[in-house]
Structures are given as structure tokens and as C-alpha cells.
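The values are calculated or read from the model by the stated rules, or taken from the named source; none is laboratory data. Worth saying up front: this structure is predicted, and the values here are computed from it rather than measured. Backbone-built Cβ (ideal geometry, glycine too); neighbour counts: all protein chains shown.
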Amino acid sequence: MNPLAVDIENLGFSYPGQSGVSFSHFNLKIAVAERFGLFGPNGAGKTTLMYLMTGLLSLREGSIRILGNDTKRQNKSVNRLFGFIPQDFSFYEELSPVENLEFFGAWSGLHRKEIRKRTTELLEILGLTEVRNKQVRKFSGGMKRRLNLAIGVIHRPRILFLDEPTVGVDVQTRVAIINYLKELNKNGTTLVYTSHQLSEAEDLCEKIALLDEGKIIAHDDLTKLLAEHRQEGLEGLFLNLTGKNYRDYHV
Amino acid sequence: MYKLWSTIIKDVRILTRDKVGLILMFGMPVILVIVITNIQNSTFELVNKNKTPLLICNRDTGEAGRQFIQAIDKIGMFRLQSVPKDQSEKNITDRMHAKDALLAVIIPPDFSSKIDAKAKKVAGKALNTFGLEGDKPGTAGDSMEPITLYYHPILQQTFRSSVQGAIYSALQLVESRQILKTLYFSINEKQLPDTLENDMLNNRLTINEIPISLDGSRKVPNASQHNVPAWTVFAMFFVVLSLSGSIVREKLNGSFIRLKTLPTNYILVLLSKQITYLAVTMAQAAVIFAIGVWLFPSMGLPALNLPLDSSGLFFVSLLCGWCAVSYAICIGVFAQTQEQANGFGAVSIVILAAIGGLMVPGFAMPGSFRTIMKISPLHWCLEAYYGLFLEGGKLKDILMNIIPLFIIAILIQLITLWGLKIKKLI
């Protein structure tokens with residue numbers, strides 16, 4: 001039997017000083033090659049959970065397994081298995097796309113030849129070939145988003161964690177990114193995605209989990225959930241389950 | 001190895017594209033070395049070669065006033081400008097405010113008569129001591145109006161002290177001459193012959209000044225030998241502005257989050273920065289030394305003489321650079337913001353330079369500071385460089401400066417490692 005892409009068991013976590021969201025006896029399973037969406041209002045714990053899965057935060061209790069590898073025990077070797085696309089631009093603006101990919105490719109464990117090959121491929125796919133040698137600081141928001149994605153997938157990760165990968169981009173870039181993500185998924189990459197762009201999420205995700213204050217309040221196939229709650233779209237489902245009050249009171 | 005190489009290449013690319021950072025690391029220290037050496041050299045020349053303008057107002061009508069002026073002139077420190085005797089003190093000070101001169105001496109009207117009276121009193125006492133009959137000791141010299149020395153407030157205490165010493169020695173000469181003449185006249189009842197006067201007063205023993213050195217070269221140190229090593233050390237430690245800022249910037253921007261999710265240890269980032277910036281500090285030293293050797297002479301400054309032990313110079317520069325880079329990384333790891341890193345970094349370097357003896361020599365510091373200075377890595381860097389540049393020493397001669405520097409660098413590295421652990425960066 002294939003291991004799960006992500007297997008979270010009895011997760012316990014809280015920020016120091018009791019501020020922010022906390023998780024207690026939290027469980028979540030994401031199957032391999034799934035297009036999984038993680039949604040919830042601000043402060044629900046989406047980004048914290050993403051950080052716990054990628055090792056940016058350390059869990060207090062329980063376990064997180066990535067493709068069967070315990071993140072606590074495997075330490076850095078498990079990081080080869082996944083890619084992470086943070087919400088913030090995570091590259092060096094002083095460098096060109098080629099130079100960024102060269103550096104992050106090396107840090108992802110690739111060799112020079114492979115980096116060159118992947119760089120050419122990715123820049124072509126994401127429409128950055130023309131600006132391959134220009135400093136990133138001069139790029140538009142859409143170009144930066146595409147580069148952010150390219151860096152995260154240069155080492156062909158088996159799981160891709162995406163935190164708001166299309167925030168602040170035009171429709172063309174959004175469509176290009178979503179199509180590319182679907183393409184990656186067709187080739188077996190598991191997508192773990194979070195966003196406030198619910199229409200985009202409907203298009204991309206097959207399965208979703210709705211989080212609120214560190215707890216899963218709904219978790220199933222999107223179509224099943226919509227039918228179960230008699231909603232036509234994700235936005236209606238979201239409001240139905242989480243209410244209309246402001247939720248970003250955690251500082 | 002390829003990861004480290006890629007990281008170094010990345011750091012070099014970012015560094016070379018940061019024009020302001022490069023100016024801070026190379027341009028500013030070069031300007032600092034040139035300016036400070038020029039200033040110190042002109043101070044040196046002010047005392048030794050250039051003469052300080054001095055206004056002299058002789059209100060005395062006798063011989064002693066003229067002899068006093070001649071004696072001051074003979075010292076060689078001053079360019080004398082006579083001022084009419086009826087010139088008011090306000091006029092004189094006004095001329096000084098206009099920077100016509102930085103010093104003024106006013107010889108009082110009764111100078112000769114009082115010197116004469118004092119000489120007679122001293123000579124009389126001396127003759128009485130010998131059992132000869134001399135003039136009865138009078139009281140004429142006791143109420144002599146003092147010589148007035150005006151000085152411009154820009155003159156520092158050390159220079160004023162040397163001026164005062166020079167003027168006292170001129171006064172001493174005039175008084176001695178007059179006492180000698182009076183004594184001679186009292187004994188021989190004739191004037192002291194000029195030749196004898198010259199023999200007695202002017203044939204002084206000379207002082208042979210020899211700088212000590214470990215290589216026996218006896219080269220006289222100049223302003224460049226003092227300043228270039230000192231400000232090179234300062235420049236090396238000033239990489240703190242660029243390096244600690246770069247670490248904080250990287251911690252705060254998104255790239256850090258990505259780096260932490262990749263299968264590589266963050267310590268590689270710091271290792272790369274150590275190598276890159278160590279090369280920067282070595283380049284800084286090379287540029288500043290090259291300027292000292294080749295550019296200074298064309299600017300009218302004394303050329304920098306490089307130590308004969310070039311491997312010693314390389315090793316000391318390497319160790320100083322490593323210590324500077326370690327310090328900058330340590331600040332970068334602990335600082336939360338770039339403002340913290342830059343502010344603390346810059347101020348702490350100035351303080352460490354001050355207590356380390358870069359601004360005021362260690363021997364001139366109060367006793368308690370001489371103990372504190374030992375915690376400053378800049379002090380040990382400077383001592384090691386001075387051992388090579390000023391004392392003509394070799395690496396083995398400066399081991400006692402290198403060992404503490406090495407220990408300080410290791411301690412800083414350990415503190416950095418501890419900082420990385422408590423901040424969960426590794």
C-alpha cells in the first residue's frame with residue numbers, strides 16, 4: 001500500500017505565550033497525487049499548519065509523516081520530497097531568474113547540469129525566458145509569482161505546498177499558474193494548497209478541509225461537501241460553516 | 001561543495017550589485033585613511049616642519065626683551081610676526097580670531113629691568129655663598145609682571161604644553177645669560193666675552209633619538225605607519241554594516257523561509273558569508289595598503305613602508321578579517337531588524353575602536369581603560385599590525401597579540417552558534 005502524502009497524527013502545537021492558534025490532537029491525511037485545499041478564515045491556522053508540515057515550526061506532540069517519513073526523525077532528508085511556495089516572494093531580488101534558480105537548485109540538492117536543464121524548462125513553461133538574465137527587482141508581480149513557483153518546483157518535488165500562490169496577480173498569470181499546477185498533478189505531484197481565492201480553489205481542488213481555530217470543521221471531496229451543505233460554491237459553504245463575523249482577532 | 005560554491009557565488013553577486021555597500025566598505029575607509037593621515041601628518045609637520053605663526057609684542061625697551069625674541073626664534077617652532085608695542089591686547093586677540101596667528105606673546109615693559117634685577121639677586125646670593133662680597137639681595141625681581149601667552153582655543157592641550165615648554169626654555173636662556181654676565185662682571189669687573197658666552201650658553205649636548213625596532217632597522221615611523229594599520233583595522237570591522245545588515249535582510253525576507261525548507265543546513269549560508277566577506281576584508285586591506293605605498297607619496301604624504309615579513313602581514317590581515325567577519329555575523333544573528341544591526345554595529349565598532357586604542361593611544365589612556373582595552377579585538381589587531389609596521393617584527397614576535405585575537409574570534413563564533421540554536425536557525 002502506498003504511504004500517504006501527508007499523515008498528521010495527534011498533532012499538538014501552540015505558540016509561546018499562548019498567543020495565536022493552537023492545535024490539539026489534530027489529525028489529517030492527504031493521499032498521494034491529491035489536489036488538496038486547506039481553507040479557513042484568517043487566524044484559523046492554515047499557515048501554521050503549512051509551516052508545521054514543512055518543518056518551519058516544530059510540533060510539540062504527535063507526528064507528521066511526509067510520504068511515510070517522520071519529519072521529526074528524518075530531519076533535513078525529508079525536505080527533498082516536497083517543495084514550498086510561500087505567500088511572500090522568496091528569492092533574491094538582486095539576482096536574475098537564472099541566478100536564483102541556480103542557487104536554489106543547488107540548495108535543493110541538484111547538480112549543475114540538472115539545474116541548467118530544469119532552468120531552461122521552467123523559464124519556458126512559465127514565460128520567463130525573455131527576462132532570464134534580468135534582475136528580478138524590476139519584474140511585475142505576476143512575473144515574480146511565476147518565478148516563486150519555478151524555484152519551488154525545480155527539484156521535481158513529490159508534494160508541493162502552496163500558500164496563496166496567485167495572490168496579487170492578473171487573470172492571465174493566475175490561469176497560467178493554475179494550469180501548470182494541474183499539469184504537475186497529472187504527473188503525480190500532490191498539491192496542498194491554501195488560498196482566499198475561492199473560485200480558483202474550486203477550479204483546482206478535488207478535496208478540501210475547512211479549518212477554524214485549529215480544528216477541522218469539514219473534510220471531504222468538494223462536490224460531496226457542497227451537496228451535503230446545499231451550497232452552489234465554496235464561498236457559500238465557507239460562510240455557512242464559519243459565519244460572517246470578522247475572525248482575524250489573533251495577533 | 002557545490003552548494004557552498006553556489007552560495008558564495010550568490011553572495012558575491014549580491015555584494016557586487018550593492019553599489020552603496022561597496023562604497024561603504026571600500027570608498028569610506030579609503031577616504032578615512034587619507035583624511036586622517038593628512039590631518040595627523042600636518043599636525044606632525046606643524047610641530048616638526050611647518051612653523052606655527054606667533055605674534056610677538058615687545059613692550060620692553062631693554063636688551064633682555066630682544067634676546068628673549070631671538071631665543072624664541074631660535075627654537076624653530078614659530079614664525080614670528082612683530083606687533084607694534086602700542087598695539088592693544090584687543091587688537092592682538094582680534095588678529096588671532098582672524099587666524100593671523102594661533103599664538104601671541106606679550107613681553108611686559110619692565111622685562112629687561114626685572115630680569116636684570118633677578119640676575120643681580122641670584123648672582124649676589126651665589127657670591128655670598130662662595131664667601132665673596134656681592135650685591136645685597138634685593139626684592140626687585142619678585143614682583144615681575146608675567147609674560148602673557150595668548151593661544152587660540154583650537155590648539156590642543158598637548159601642543160599648548162609643548163609651546164609653553166619651549167617658551168620657558170627661551171626665558172630660561174635669557175635669565176641664565178643675564179645671571180652669567182652679572183656673575184662674571186662681579187668677579188672680573190669686566191664684561192663677559194662673546195666667545196665665552198657662546199661657549200657657555202649655546203654649545204649644548206644634542207639628543208640622539210632612536211626608535212626601537214625588532215629588526216634593528218631604526219626607521220623613523222611616520223604618520224602613515226601609524227594611521228594606515230589603525231584605520232585598516234577600523235575599515236575591516238566596518239563590514240559589520242554591510243554583513244550584519246545582509247544577514248538580517250535575508251532573515252526577514254521570504255528567501256529565508258524557503259532556505260529553511262530546503263535540504264541544506266542554514267549554517268552553510270553563514271559559512272559562505274564568512275568566506276565572501278573575509279575576501280572583502282582582505283581586499284580592503286590590500287587596497288588601503290596599496291594606497292599607502294603608491295598614492296600617499298604623490299599626495300605629499302609619507303609613503304607606507306610595508307613590513308618585511310609579508311607572510312606575517314598576510315596572516316595578521318586574515319585573522320583580523322576573520323574576527324571582524326565573525327563579529328558582524330554574530331550581530332546579524334542576534335539583531336531583529338536592520339536598524340538594530342546597523343545602529344548597534346556602527347556604535348559598538350566606534351566604542352571598541354576607542355577603547356582599543358585606535359583613536360587615543362593605549363599608553364595615554366587611564367589605568368582602568370588599559371584593562372578594558374584587552375577585550376577589544378581591534379586592540380589586538382592594532383597591536384599585531386604595529387608589531388609588524390612600527391617595530392619591524394615577524395610573526396613569531398607578535399604571537400602574544402595573535403593568540404588573544406584568535407581566542408576572541410573563537411568566542412564570537414561560539415556565541416553565534418549559541419544564538420543560531422536559541423533562535424532555532426539551525
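Residues in the range A:32-68 that are surrounded by fewer than 15 Cβ atoms within 10 Å (Cβ to Cβ) and under 20 Å from A:Pro157 (Cβ atoms): A:Gly68 alone.
Screening A:Lys113 on (1) over 19 Å from the mean Cα position of the chain (by Cα); (2) closer than 19 Å to A:Leu149 by Cβ shows it passes everything except condition (2).
The conditions of being in contact with an Asp or Glu (Cβ under 6 Å, 6 or more places away or on another chain) and over 22 Å from A:Asn42 (Cα atoms) are not met by A:Thr194. Filtered by the rule that a residue be facing chain A (nearest Cβ under 7 Å) and of a type in the set (D, E, K, R), the range B:246-278 gives B:Arg258, B:Lys260. Among residues that are in a loop (DSSP other than H, G, I, E, B) and either touching a helix residue (DSSP H, G or I) at 6+ places or on another chain (Cβ under 8 Å) or in contact (Cβ under 8 Å) with a residue 12 or more places away in the chain (or both), B:Leu301 is included.
Across the range B:327-351, what is the total count of residues that are closer than 20 Å to B:Phe256 by Cα and part of a helix (DSSP H, G or I)?
If we filter the range B:327-351 for residues that are closer than 20 Å to B:Phe256 by Cα, which is where we start, we get B:328-342.
This time we only want the ones that are part of a helix (DSSP H, G or I), so: B:328-334, B:338-342.
Total meeting the criteria: 12.
The residue of the range B:357-375 that is surrounded by the fewest Cβ atoms within 10 Å (Cβ to Cβ), among those that are more than 18 Å from B:Gln157 (Cβ to Cβ) and of a type in the set (Val, Ile, Thr), is B:Thr371. Collect the residues in the range A:20-38 that are assigned to a strand (DSSP E or B) and either touching a Ser or Thr at 6+ places or on another chain (Cβ under 7 Å) or not basic (Lys, Arg) (or both), keeping them in residue-number order. Within the range A:20-38, A:Ser22, A:Phe23, A:Ser24, A:His25, A:Phe26, A:Asn27, A:Leu28, A:Ile30, A:Phe36, A:Gly37, A:Leu38 qualify. Residues of the range B:7-17 that are at the interface with chain A (Cβ under 10 Å from one of its Cβ atoms) and either within 33 Å of the chain's Cα centre (by Cα) or surrounded by fewer than 16 Cβ atoms within 10 Å (Cβ to Cβ) (or both): B:Thr16, B:Arg17.
Residues that are among the aliphatic types (A, V, I, L, M), surrounded by fewer than 21 Cβ atoms within 10 Å (Cβ to Cβ), more than 19 Å from B:Trp231 (Cα to Cα) and without any contact (Cβ under 8 Å) to a residue 40 or more places away in the chain do not occur anywhere in the range B:278-286. Of all residues in the range B:193-238, those being hydrophobic (A, V, I, L, M, F, W, C), surrounded by 12 or more Cβ atoms within 10 Å (Cβ to Cβ) and at pLDDT 75 or above number 10.
Kindly provide the set of residues from the range B:314-349 that are over 22 Å from the mean Cα position of the chain (by Cα) and among the aliphatic types (A, V, I, L, M), ordered by number.
Result: B:Leu318, B:Leu319, B:Ala324, B:Val325, B:Ala328, B:Ile329, B:Ile331, B:Val333, B:Ala335, B:Ala341.
How many residues are free of Cβ contacts under 8 Å to residues at least 24 places away in the same chain, under 21 Å from B:Gln81 (Cα atoms) and surrounded by 14 or more Cβ atoms within 10 Å (Cβ to Cβ) if we restrict to the range B:147-188? Residues that pass the stated criteria total 1.
Taking the conditions exactly as written (in the same structural domain as B:Phe234 (by TED's automatic domain parsing) and without any contact (Cβ under 8 Å) to a residue 12 or more places away in the chain), does B:Trp418 satisfy them or not? Considered against the rule, which asks whether it is in the same structural domain as B:Phe234 (by TED's automatic domain parsing) and without any contact (Cβ under 8 Å) to a residue 12 or more places away in the chain, B:Trp418 comes out as yes. Could you say whether any residue in the range B:22-41 is in a helix (DSSP H, G or I), surrounded by 17 or more Cβ atoms within 10 Å (Cβ to Cβ), out of contact with any strand residue (DSSP E or B) (no Cβ under 7 Å at 6 or more places or on another chain) and within 14 Å of chain A (Cβ to nearest Cβ)? Checking the range B:22-41: not a single residue is in a helix (DSSP H, G or I), surrounded by 17 or more Cβ atoms within 10 Å (Cβ to Cβ), out of contact with any strand residue (DSSP E or B) (no Cβ under 7 Å at 6 or more places or on another chain) and within 14 Å of chain A (Cβ to nearest Cβ). Could you say whether any residue in the range B:87-94 is within 14 Å of chain A (Cβ to nearest Cβ), of a type in the set (Lys, Arg), exposed (fewer than 14 other Cβ atoms within 10 Å of the Cβ) and assigned to a helix (DSSP H, G or I)? No; the residues of the range B:87-94 include none that is within 14 Å of chain A (Cβ to nearest Cβ), of a type in the set (Lys, Arg), exposed (fewer than 14 other Cβ atoms within 10 Å of the Cβ) and assigned to a helix (DSSP H, G or I). Say whether the condition of being small (Gly, Ala, Ser), more than 7 Å from every other protein chain (Cβ to nearest Cβ) and more than 25 Å from A:Thr166 (Cα to Cα) is met by at least one residue in the range A:45-61. Yes, the range A:45-61 contains at least one residue that is small (Gly, Ala, Ser), more than 7 Å from every other protein chain (Cβ to nearest Cβ) and more than 25 Å from A:Thr166 (Cα to Cα).
Taking strands (runs of 3 or more DSSP E) as the structural unit, those lying wholly within the range A:151-242 and holding at least 2 residues that are touching a Lys or Arg at 6+ places or on another chain (Cβ under 7 Å) and among the polar types (S, T, N, Q) correspond to A:190-194.
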